Amino acid sequence: MDKVLDVQAEALQAIADAESLQALQDVRIQYLGRKGSIQALMSEMKSLPKEEKPAFGQKVNVCKQVVTEALEKRQAELNELALVSRMEEEKIDITLRGNDLHLGTTHPLIMIQQEIEDLFIGMGYKIAEGPEVEQDFYNFELANIPKDHPARDMQDTFYIDPNTLLRTHTTAMQMRELEKAKGKTPIKLICPGKVYRRDDDDATHSHQFMQCEGLVVGEHITLGDLKGTLEFMANKMFGEGRKIRFRPSYFPFTEPSVEVDVSCPFCNGKGCSVCKGSGWIEILGAGMVHPHVLEMNGFDSEKCSGFAFGIGLERVAMLKYGIDDIRNFYINDTRFLKMFDRFD
Ligand code: DAH
């Protein structure tokens, strides 16, 4: 009987001394396992006189129960301790300085592109896209610029082969869209994108730059519609109160053709260094789609008419943000690009 109490006391001590869940598991095996001390007591019962067996058996059962309960209690304690220490270890010091996250900023040209897109989407225009590696057919032929036309000189071209080139203007996309429409009106879209010309790069020229083309074709479309549309755009892009004026010009794909000036947003038309004293700044080329261009693309030029324009995005960005060298857009100097995060 004393032996049972000894084993029980020993087990309880071992349980109290166990400092980890693993140590506790070892104690469990040592006392309650199949080859453990308490099982061994059960085996000893065989050698006892018959009358002592029940009392001994009962004592061993009580011992087993006491040890099992003590084990469970200690296990709960150790679990709790493990949780507390894990919470200590994993504590986050929110007062520590974090790592800086270096986020990029939207490129100023993309900002202008998005601004123009938002503006025209608001007026119900669609946005069209087209390839930068273009066929001579769309860049020149359909735009009423045949092989020997002097206007080809105006757009010194990067040729890939005699019929393939890097598009020199977004007007190539205008021609693709006209062809796609197969004479069906109305058409109302803009096509922004990169264009390429064989220019020597300097402060105002770049061999690669961006344009946005606009095209509207339908019944009774007039030069007045073009003027109203461009005036609206000028006011949105350069601030309320802008006026625009048309000067006669020449483009093979429009008739009549105009060069469009906006009243100088810096001096309000009074004359300053930006507008070179004239009060006006040239911002784009435009015109009424040439009847021959409409006919070549399957439109009846007696029944419908259209206007088109092409605006250079670098020029707009340079005016808007006071940038004096076009090369800034393309050299990826992050000090320059970072300046635009406040406009983002
Ligand atoms: N394609 C012309 C250029 O790159 C710009 C232009 C002028 C586009 C008149 C047009 C337009 O759509 O009607 O210089």
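Suppose R0 equals 45 Å; then what is the FRET efficiency for residue 295 and residue 342 from their Cβ-Cβ distance, rounded to the nearest 0.05? For residue 295 and residue 342, the calculated efficiency is 0.35.
Every Cα-Cα pair in the chain was counted, and those over 38 Å apart are 46% of them.
With N as its number of residues, segment 1-159 has a Cα radius of gyration that, divided by 2.2 N^0.38 Å, comes to 2.86. With the simple model of a label 7 Å out from the Cα in the direction of the Cβ, residue 278 to residue 58 spans 11.8 nm. Kirkwood radius and radius of gyration were both taken over the C-alpha atoms of segment 276-344, and their ratio Rg/Rh is 1.21. Spin-label pair residue 45-residue 219: with each label point 7 Å from Cα along the Cα-Cβ axis, the two points sit 10.7 nm from one another. For segment 162-203, the residues whose amide N sits under 11 Å from a probe point set 7 Å from the Cα of residue 331 along the beta carbon direction are 203. Mean sequence separation of contacting Cα pairs (under 8 Å, at least six apart), scaled by the length of segment 1-133, corresponds to a relative contact order of 25 percent. When the trypsin sites (Lys or Arg not before Pro) in segment 65-161 are filtered for DSSP coil states and for at most 12 other beta-carbon atoms within 10 Å of their beta-carbon, the remaining sites are 91, 97, 147.
Just round it to a whole percent: the fraction of Cα-Cα distances in segment 2-90 exceeding 23 Å. Across segment 2-90, Cα pairs with separations above 23 Å total 32 percent. Of the accessible area of the chain, with the probe set at 1.4 angstrom, what percent is carbon plus sulfur? Ligands and nucleic acids excluded, carbon and sulfur give 52 percent. Between residue 101 and residue 5, the simple label model (points 7 Å from Cα in the Cβ direction) yields a spacing of 6.9 nm.
To the nearest 10 degrees, how steeply does helix 223-238 sit against the main Cα axis of the chain, on a 0 to 90 scale? Around 50 degrees separate the two axes.
The angle separating the long axis of helix 53-89 from the principal Cα axis of greatest extent in the chain is about 30 degrees.
Taking every DSSP helix (H) stretch of at least 4 residues in the chain, weighting each as -39,500 (n - 2.57) and dividing the sum by the residue count yields a mean residue ellipticity at 222 nm of -12500 deg cm²/dmol. Highest average first, the peptides 164-176, 260-272 ordered by how many other beta carbon atoms sit within 10 Å of their residues are 164-176, 260-272.
Backbone geometry of segment 5-20 corresponds, through the Karplus equation with coefficients 6.51, -1.76 and 1.60 at θ = phi - 60°, to 3J(HN,Hα) couplings of 5, 4, 4, 4, 5, 4, 5, 4, 5, 4, 5, 5, 7, 5, 9, 9 Hz, x marking Gly and Pro.
Using the 1.4 Å probe convention, the accessible area of the chain works out to 57 Å² per residue with neighbouring protein chains retained. Quick one: compute the contact order of the chain, relative version, from alpha carbon pairs under 8 angstrom and 6+ residues apart, as a percent. Relative contact order for the chain comes out at 15 percent.
The values are calculated or read from the model by the stated rules, or taken from the named source; none is laboratory data. The shown structure was predicted, so the numbers you read here are calculated from the model rather than taken from an experiment. Because the Cβ atoms are built from the backbone with ideal geometry, glycine has one as well, and the counts that use them run over all protein chains shown. These area figures cover heavy atoms from the full protein model, side chains too; ligands, DNA and RNA do not enter into them. Shrake-Rupley method; radii C 1.70, N 1.55, O 1.52, S 1.80 Å.
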